[in-house]
1. Using the Karplus curve 6.51 cos²θ - 1.76 cosθ + 1.60 with θ = phi - 60°, what ³J(HN,Hα) values do you get for each residue of segment 212-222, in whole Hz, with x for Gly and Pro?
2. Once every Cα of segment 68-170 carries one equal point scatterer and solvent is ignored, give the base-10 log of I(q)/I(0) from the Debye formula at q = 0.11 Å⁻¹, two decimals.
3. Report, ordered by chain and residue number, the lysines lying within cross-link reach of K253, taken as a straight Cα distance under 16 Å and ignoring same-chain residues fewer than 8 apart.
4. Using a Förster distance of 41 Å, how high is the FRET efficiency between E225 and F184, based on the Cβ-Cβ distance and rounded to 0.05?
5. On the first, second and third principal axes, largest extent first, how far apart are the outermost C-alpha atoms of the chain in Å?
6. Report the label-to-label distance for F261 and D103 in nanometres (one decimal), using points 7 Å from each Cα along the Cα→Cβ vector.
7. Got a number for carbon plus sulfur as a percent of segment 210-310's accessible area, 1.4 Å probe?
8. Within the chain, what is the longest stretch that has no trypsin sites (Lys or Arg not before Pro) placed in a DSSP loop and near at most 16 other beta-carbon atoms within 10 Å?
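The values are calculated or read from the model by the stated rules, or taken from the named source; none is laboratory data. Predicted model only: the values in this text are computed from it and were never measured. Cβ coordinates were reconstructed from backbone atoms using ideal geometry, including for glycine residues, and neighbour counts include every protein chain displayed. Areas reflect the complete protein model, heavy atoms only, side chains present, ligands, DNA and RNA absent. Shrake-Rupley method; radii C 1.70, N 1.55, O 1.52, S 1.80 Å.
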Amino acid sequence: MTETVNEQRHRGLKQVFAVSIGLFLVFLDSTIVNIAIPNIIDDYKIDLSKASWIINGFVLTLAVLLVTLGKMADMLGRVRTFLWGVIIFAVSSFLCGIAPTVDSLIIFRILQGIGGAMVIPTSMMLVRTAVPPEKMGLAMGIWGAVGAMAVAIGPSLGGLITEYIHWRWVFYINVPIVLLAFPFIYLAIRVQNEPIHKFKLDPLGILLMSLSLFFLTYAILQGEEIGWTSHKIFLYFIISVVSGALFLFVETKVKNPILDFSIFKNRLYVSGLVSNFLGGILLMGTLILLPIFLIRVKEFSTLEASFAITPFPELYSS
């Protein structure tokens with residue numbers, strides 16, 4: 001018996017909420033950890049330069065793998081990729097919590113980034129295919145609102161956890177959420193005979209894009225420490241520009257490009273990308289430095305500092 005239209009839409013909205021839970025976890029992790037950095041520095045007895053890689057490792061991995069893993073999801077199955085991404089994210093969160101050294105914590109944060117890079121693009125794909133076209137605005141609105149809510153509550157939730165429990169619980173908190181939500185997620189998004197798009201990956205394009213994104217992000221992250229006028233930073237930017245240009249050239253020649261450049265013909269889309277990029281720089285730069293400034297210089301408590309910076313993600317998401 002075929003499903004009625006109402007039943008299909010109801011199931012579609014359940015899928016929207018289910019995949020939004022995965023997005024919530026990844027976006028929450030982008031802001032909840034920052035407020036705990038001063039405590040992590042004290043526990044591991046490290047400097048800010050080393051501690052910054054607890055954030056940078058996660059962000060850099062996301063930046064490099066987001067497009068590639070999103071494309072591979074079409075080959076491996078979007079539902080399968082999303083579910084494994086949630087599992088990897090939960091396991092790596094637990095490993096971050098028990099990390100005995102800062103080096104192991106950074107490694108596990110990179111693993112978290114891999115899980116996040118599997119969840120973010122597939123969650124958007126699954127939301128877009130969950131509902132009929134007339135419900136697309138509602139579905140994407142829910143998906144975006146959940147992500148914005150996660151970014152907004154991260155600092156205050158991280159402050160409460162760090163102040164009254166322990167900073168390790170900013171990572172542990174993901175585990176019970178996944179354990180409780182995973183049955184619902186699995187039942188809501190599982191499909192029989194999920195369509196798999198068969199095509200050949202473009203390994204050269206993936207390599208060039210990854211090099212370009214890695215060296216661009218790494219140069220931005222290391223510019224202050226190494227010096228913006230240093231030869232290393234110039235070299236990183238040159239490698240990024242050259243590999244990026246080669247990527248654009250290669251993608252115009254291959255049959256199955258990893259990125260569809262026709263989307264950049266839409267001026268509104270491009271404007272949104274630029275706005276989001278600049279807003280992300282402002283948000284993440286602020287959220288890394290402000291907790292340390294407020295706690296170490298202004299002598300705020302962790303909880304006071306977390307509430308003081310809570311409005312910043314809300315301004316960005318608006």
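1. 4, 5, 4, 6, 5, 5, 5, 5, 5, 5, 9
2. Listed by q, the Debye log ratios stand at -0.44.
3. Cα-Cα hits under 16 Å: K200.
4. Computed FRET efficiency for E225 and F184: 0.40.
5. 64, 46, 36
6. Output for this residue pair reads 4.3 nm.
7. Exposed carbon and sulfur together represent 70 percent of the surface.
8. The longest such stretch corresponds to 46-189.
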